[in-house]
Amino acid sequence: MGNSFAHFKRIALIAALTFIAYSNSFNSMFHFDDYDSIIANPYIKSIYNIPYFFYYDGSPLTGRPVTMATFAVNFAIGGLDPFSYHVMNFFIHLANAIMVYLILVLTLKNRVNGYVNISLFASLMFAVHPIQTQAVTYIVQRAEILSTFFYLLSLVMFIKARLIEQNKEGIEQRAKGEEQK
């Protein structure tokens, strides 16, 4: 991916600007569905319930297991203090913004001049755009940002696998060309 330190600096910039955009929400209270999904949900109040979130038997423990597991972790960290829930939403969103950056860098690297600036700008727009506010600040919307994370992660992994495959094909073709000489 090129100069790793330069990419690290860009990712640090994304993190800093995203923090500035969302840090004022860290002390917000619970709202709307947060009451049913977090405050009144007895199942997230023990991390020992986490394995049961992933086993479907029709019980109330099932449904959105990864989201419920993260709520249980948050409850273990800070009980019903919303701070840790907001911080976790922030970090998931930040991971999504970094994934957008990686997808664009990997996709545009050998195709577009100025690909780094385009990647940085697009990932910053993703990170701080007002349309993201509800997903980041409304705790129960963690389900959506987690699903986004897994979609973006699978796309990064696909692109990386495809680039590795193309690199192997290029090496094989060069080796065949050398043999023919």
(request) Select from the range 75-153 those trypsin sites (Lys or Arg not before Pro) which occupy a DSSP coil region and have at most 16 other Cβ atoms within 10 Å, ordered by residue number. (result) LYS109, ARG111
(request) At 1.4 Å probe size, with no ligands or nucleic acids counted, give the accessible surface of ASP36 in Å², nearest ten. (result) 120
(request) Have a look at ASN27, ASN113, ASN96 and tell me which one the Gaussian network model of the chain (Cα, springs below 10 Å) gives the largest fluctuation. (result) ASN113
(request) Quick one: compute the contact order of the range 1-85, relative version, from alpha carbon pairs under 8 angstrom and 6+ residues apart, as a percent. (result) 28
(message) Please list 3J(HN,Hα) in residue order for the range 38-46, calculated via the Karplus relation 6.51 cos²θ - 1.76 cosθ + 1.60 where θ = phi - 60°; whole Hz, with x for glycine and proline.
(response) 10, 4, 8, 8, x, 6, 7, 7, 9
(message) Students often get this wrong, so try it: which of (i) 39, 22, 11; (ii) 29, 19, 13; (iii) 32, 20, 14 is semi-axes √(5λ) of the Cα gyration tensor in Å as calculated from the structure shown?
(response) (i)
(message) If you split all Cα-Cα distances of the range 142-181 into 10 Å bins from zero, what percentages do you get per bin, shortest first?
(response) 28, 27, 19, 15, 9, 3
(message) Only Cα pairs within less than 10 Å get springs; with that Gaussian network setup on the chain, which residue of ILE38, ILE20, ILE98 has the largest fluctuation?
(response) ILE20
(message) To make sure I understand the rule: partners must be aspartates and glutamates, Cα under 20 Å from the Cα of LYS168, and not fewer than 8 residues away in the same chain. Which ones qualify?
(response) GLU178, GLU179
(request) Please give the per residue accessible area of the range 1-156, computed with a probe of 1.4 Å over protein heavy atoms only, in Å². (result) 54
(request) Enter the Cα centre distance for the pair the range 1-45 and the range 93-132, rounded to the nearest angstrom. (result) 18
(message) If I compute solvent accessible area with a 1.4 Å probe over the protein chains, what percent of it on the chain is carbon and sulfur?
(response) 64
(request) Considering only TYR52, TYR22, TYR138, give the residue with the highest GNM mean-square fluctuation for the chain, with springs between Cα atoms whenever their separation is below 10 Å. (result) TYR52
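The values are calculated or read from the model by the stated rules, or taken from the named source; none is laboratory data. Quick caveat: nothing in here was measured; it's all calculated off a predicted structure. When we count neighbours, we look across all protein chains shown, and the Cβ atoms used for this are built from the backbone with ideal geometry, even at glycine. Ligands, DNA and RNA are stripped out before the accessible areas are found, and what is left, the full protein with its side chains, is counted by its heavy atoms. Shrake-Rupley method; radii C 1.70, N 1.55, O 1.52, S 1.80 Å.
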